[in-house]
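Everything on this sheet refers to the single structure shown next.
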Protein chains: 2
Amino acid sequence: MRTLAVVGGGAIGQGVAWQAAEAGWSVTLFDPAAGSGASWVAGGMLAPLSEGWPGEDRVLEFGAAALARWPEFAARLHAATGVDVMVADQTLTVALDAADAADLRTIADWVGEHGHELELLDRAGVRALEPALARTVRAGLLAAAEPAVDNRRLLRGLHAAGAAAGVRVRPETVADLAALDFDQIVLAAGAASARLLPELPVRPVKGEILRLRHRPGATPVPRRVIRARVHGRPVYLVPRGDGLVVGATQYEAGFDTTVTVGGVRDLIADAETILPGIAEYELSEANSGSRPGTPDNLPLIGRYSDRIVVATGHGRNGMLTTPLTVEAVLGELAGTPLPDARSAAPQRFATPPASLASSTGGIR
Amino acid sequence: MRTLAVVGGGAIGQGVAWQAAEAGWSVTLFDPAAGSGASWVAGGMLAPLSEGWPGEDRVLEFGAAALARWPEFAARLHAATGVDVMVADQTLTVALDAADAADLRTIADWVGEHGHELELLDRAGVRALEPALARTVRAGLLAAAEPAVDNRRLLRGLHAAGAAAGVRVRPETVADLAALDFDQIVLAAGAASARLLPELPVRPVKGEILRLRHRPGATPVPRRVIRARVHGRPVYLVPRGDGLVVGATQYEAGFDTTVTVGGVRDLIADAETILPGIAEYELSEANSGSRPGTPDNLPLIGRYSDRIVVATGHGRNGMLTTPLTVEAVLGELAGTPLPDARSAAPQRFATPPASLASSTGGIR
């Protein structure tokens with residue numbers, strides 16, 4: 001039985017560990033606190049179509065390929081563990097002013113040209129779907145096929161599925177990949193991946209989120225994911241069983257994960273602009289994580305050396321990408337790279353490849 | 001040795017237990033979670049003079065009598081435990097508009113007539129003392145003798161002092177005072193006191209607070225307690241070693257202690273109006289407690305029956321009142337009521353006394 005070390009216990013690492021164990025690998029997952037990083041803080045939006053923008057063809061294709069894999073992935077996880085991770089079926093992006101409304105048309109047109117249907121809504125159309133939204137909302141864009149997942153249920157499910165499949169978890173920090181005595185290694189340490197392979201172009205992008213709990217008598221929780229831009233800041237409200245996740249700030253702040261007064265202030269203000277009733281919700285949690293950002297907003301998935309496969313740099317889309325990334329990593333481990341993941345090949349930043357290769361054994 | 005049960009483990013209850021044990025009582029303190037209630041959430045302002053207002057003579061006298069006891073109380077606690085509870089020496093109330101500035105003059109005049117000195121400051125005077133305050137601050141009122149205490153250090157100190165003096169803590173909820181087999185009982189259960197003696201006119205007044213932690217590079221923490229009114233809402237910033245407590249909302253909400261989105265929003269907005277730099281602070285905690293309110297904003301301290309002394313209803317001033325309340329309760333236990341606490345006698349609401357007395361054995 002071939003041995004595999006997975007370094008990093010977020011959704012990606014746990015997903016890889018589970019599927020590799022099911023595929024016959026002897027898997028050990030290393031993380032001092034599995035499931036406590038960016039995956040724990042995530043909102044769980046799966047919205048590659050709503051986030052489409054002219055020119056970002058590769059990001060759209062990659063995201064759509066990931067989204068297409070979610071139903072089967074969720075069904076397999078449910079079959080293995082009984083955990084149902086879906087928390088919403090659709091995504092509604094709303095516009096507060098004429099410029100935002102024009103952007104929604106741009107997105108609908110461009111994403112439509114790429115074969116994905118999005119529906120433009122007027123004021124009345126938005127109100128019919130989500131009556132609790134602010135009266136200042138003037139238009140909407142409905143993605144009928146963009147759901148959302150509960151990130152914490154996902155982590156719980158992946159952990160249970162991995163344990164049932166034989167994954168061993170070692171609560172340790174890995175300081176040196178070379179010291180791991182395994183046949184193969186998957187590096188899925190998120191924003192911390194560059195500590196182990198410094199030439200990986202991945203950096204922490206701080207994000208703060210709030211969790212709000214519905215209280216009796218308060219405005220009902222929207223049924224769909226609600227996205228908007230307020231004062232130029234993106235804000236989203238992702239339903240949970242008992243409330244909402246409100247995200248997310250974005251800062252280049254190193255590995256700082258302090259929740260700031262200003263971040264909370266802005267999230268509350270922006271969310272309230274979209275859904276005025278939330279003042280009566282409970283503020284049950286304010287949290288922060290480090291997203292693993294890359295220069296082109298596509299992840300880094302693929303073989304790094306004979307013994308190392310990387311799976312990091314998922315930025316704001318780690319939840320969305322999990323099924324595709326897991327499949328791509330399993331493909332690399334089996335020697336059959338996945339065509340859909342080609343645009344995420346880590347080699348794309350290696351210019352010239354030799355210079356990186358020389359320092360550490362190489363991005364091939 | 002006579003036995004004493006103290007019901008309630010907030011600052012008042014723990015203070016009474018400590019001092020009674022030192023006075024020779026065999027003391028048992030009952031609380032399922034001592035030190036976790038309103039005392040844990042408190043800001044720690046000791047500001048009876050700054051809060052003075054024409055007509056509220058008894059409240060001012062009572063508060064001033066309490067404040068006068070703090071230096072010796074703090075010194076005794078320090079001697080017993082090494083815990084130093086003081087976190088600021090002075091209180092500065094600031095005005096943002098002409099009406100607020102006029103109110104400060106009213107307070108200064110009226111409190112001055114009662115023999116307590118407060119100093120009116122103009123814009124430059126405020127800036128000289130606390131340069132980080134907003135430029136919109138136009139006047140100030142300095143209470144040079146109003147300090148603040150760290151409520152959590154106080155609880156820690158009182159617990160240690162009580163333990164050293166022989167106080168036994170039983171982590172139990174008391175359902176019936178009559179069932180307590182002790183010579184004397186002190187009821188100091190805060191807002192919950194009316195559950196045990198329903199005729200006590202004490203009700204929960206919900207209050208939310210934030211704790212902010214200073215971060216490198218952010219505006220320095222003010223040296224004084226800063227108080228203000230913003231959009232008609234009172235707000236205060238109480239220094240702590242590493243940051244600030246920002247308080248406090250006020251709602252009549254029963255025993256609900258949910259932290260609401262709207263409460264946090266208002267506290268941040270009001271605090272930022274006074275001290276603009278706090279956006280860069282960490283939001284380290286949002287919390288809520290139930291103050292024990294009374295109809296006239298004076299507490300209920302005194303003998304209730306041959307076996308029961310009450311000490312509750314301290315409202316927003318539990319920290320301030322602790323030394324005076326402890327002394328008053330010890331006086332009742334010794335049969336020598338304290339003149340300074342006469343205005344807090346629980347009998348003042350018993351009209352006619354007989355009707356209340358008949359239901360439960362009486363307020364004498």
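Scanning the stretch A:251-263 for residues that are over 16 Å from B:His214 (Cβ atoms) and of a type in the set (A, V, I, L, M) yields a total of 1.
Kindly indicate the residue of the stretch B:212-226 that is in contact with a strand residue (DSSP E or B) (Cβ under 8 Å, 6 or more places away or on another chain) and open to solvent by less than 30 Å² (accessible area, probe 1.4 Å) and also farthest from B:Ala5 (Cα to Cα) among those meeting that condition.
If we filter the stretch B:212-226 for residues that are in contact with a strand residue (DSSP E or B) (Cβ under 8 Å, 6 or more places away or on another chain), which is where we start, we get B:212-215, B:221-226.
After this cut, where a residue has to be open to solvent by less than 30 Å² (accessible area, probe 1.4 Å) as well, the list is B:212, B:222, B:224-226.
Numbers: B:Leu212: 37, B:Pro222: 41, B:Arg224: 38, B:Val225: 36, B:Ile226: 38 Å.
Within the stretch B:212-226, the match that is farthest from B:Ala5 (Cα to Cα) is B:Pro222.
In this structure, A:Val261 qualifies as farther than 27 Å from A:Gly313 by Cβ and without any contact (Cβ under 8 Å) to a residue 24 or more places away in the chain. Inspect all residues belonging to the stretch B:99-111 and state whether any of them is in a loop (DSSP other than H, G, I, E, B), more than 29 Å from B:Trp18 (Cβ to Cβ) and either under 22 Å from the mean Cα position of the chain (by Cα) or in the same structural domain as B:Val246 (by TED's automatic domain parsing) (or both). Looking through the stretch B:99-111, none of the residues is in a loop (DSSP other than H, G, I, E, B), more than 29 Å from B:Trp18 (Cβ to Cβ) and either under 22 Å from the mean Cα position of the chain (by Cα) or in the same structural domain as B:Val246 (by TED's automatic domain parsing) (or both). The set of residues from the stretch B:328-349 being of a type in the set (A, V, I, L, M) and either open to solvent by 70 Å² or more (accessible area, probe 1.4 Å) or assigned to a helix (DSSP H, G or I) (or both) comprises B:Ala328, B:Val329, B:Leu330, B:Leu333, B:Ala334, B:Ala341, B:Ala344.
Residues in the stretch B:156-169 that are open to solvent by 10 Å² or more (accessible area, probe 1.4 Å) and assigned to a helix (DSSP H, G or I): B:Arg156, B:His159, B:Ala160, B:Ala163, B:Ala164, B:Ala165. Please tell me if B:Arg291 is under 21 Å from B:Arg229 (Cα atoms) and away from chain A (no Cβ under 14 Å). Yes. Kindly indicate whether any position in the stretch B:126-146 is buried (at least 23 other Cβ atoms within 10 Å of the Cβ), touching a residue at least 40 places away in the same chain (Cβ under 8 Å) and under 17 Å from the mean Cα position of the chain (by Cα). Scanning the stretch B:126-146, I find at least one residue that is buried (at least 23 other Cβ atoms within 10 Å of the Cβ), touching a residue at least 40 places away in the same chain (Cβ under 8 Å) and under 17 Å from the mean Cα position of the chain (by Cα), so the answer is yes. Within the stretch B:42-63, identify whether any single residue is open to solvent by 10 Å² or more (accessible area, probe 1.4 Å) and of a type in the set (S, T, N, Q), and answer yes or no. Among the residues of the stretch B:42-63, not one is open to solvent by 10 Å² or more (accessible area, probe 1.4 Å) and of a type in the set (S, T, N, Q), which makes the answer no. Taking (1) in the same structural domain as A:Ala228 (by TED's automatic domain parsing); (2) out of contact with any helix residue (DSSP H, G or I) (no Cβ under 9 Å at 6 or more places or on another chain) in turn, A:Val94 satisfies each apart from (2).
Which members of the stretch B:1-20 meet the condition of being in a helix (DSSP H, G or I) and either open to solvent by 10 Å² or more (accessible area, probe 1.4 Å) or on the phi > 0 side of the Ramachandran plot (or both)? Break it down into steps so the answer makes sense when it comes.
Within the stretch B:1-20, the subset in a helix (DSSP H, G or I) is B:11-20.
If the condition is that a residue be in a helix (DSSP H, G or I) and either open to solvent by 10 Å² or more (accessible area, probe 1.4 Å) or on the phi > 0 side of the Ramachandran plot (or both), then B:Ile12, B:Gln14, B:Gln19 are the ones that fit.
Counted as qualifying within the stretch A:198-257 are the strands (runs of 3 or more DSSP E) with 3 or more residues that are basic (Lys, Arg), namely A:203-213. Taking residues in the stretch B:68-93 that are free of Cβ contacts under 8 Å to residues at least 60 places away in the same chain, and partners anywhere that are among the β-branched types (Val, Ile, Thr) and surrounded by fewer than 18 Cβ atoms within 10 Å (Cβ to Cβ), not one pair has Cβ atoms closer than 7 Å while being at least 6 places apart or on different chains. Scanning the stretch B:170-185 for residues that are under 19 Å from B:Trp25 (Cα atoms) and either in contact with a His (Cβ under 7 Å, 6 or more places away or on another chain) or surrounded by 13 or more Cβ atoms within 10 Å (Cβ to Cβ) (or both) yields B:Arg170, B:Leu177, B:Leu180, B:Phe182, B:Asp183, B:Gln184, B:Ile185.
Scan the stretch A:47-93 residue by residue and report those that are among the small types (Gly, Ala, Ser) and more than 22 Å from A:Leu300 (Cβ to Cβ).
Within the stretch A:47-93, the first condition is being among the small types (Gly, Ala, Ser), and the residues that meet it are A:47, A:50, A:52, A:55, A:63-66, A:68, A:74-75, A:79-80, A:82, A:88.
Across the stretch A:47-93, the qualifying residues are A:Ser50, A:Ala74, A:Ala75, A:Ala79, A:Ala80, A:Gly82, A:Ala88.
Quick one: in the stretch A:233-280, of everything that is open to solvent by 50 Å² or more (accessible area, probe 1.4 Å) and touching a Gly at 6+ places or on another chain (Cβ under 9 Å), which residue is nearest to the other protein chains (Cβ to nearest Cβ)? That would be A:Glu280.
In the stretch A:46-66, the residues that are closer than 22 Å to A:Val238 by Cβ and assigned to a loop (DSSP other than H, G, I, E, B) form Cβ pairs under 7 Å with partners that are basic (Lys, Arg) and modelled with pLDDT of 95 or more, at six or more places apart or across chains, as follows: A:Ala47/A:Arg227; A:Ser50/A:Arg227.
The values are calculated or read from the model by the stated rules, or taken from the named source; none is laboratory data. Small disclaimer: the values here were computed from a predicted structure and weren't measured. Please note: Cβ atoms are built from the backbone with ideal geometry, for glycine as well, and neighbour counts cover all protein chains shown. Heavy atoms of the whole protein, side chains included, go into the accessibility calculation; ligands, DNA and RNA do not. Shrake-Rupley method; radii C 1.70, N 1.55, O 1.52, S 1.80 Å.
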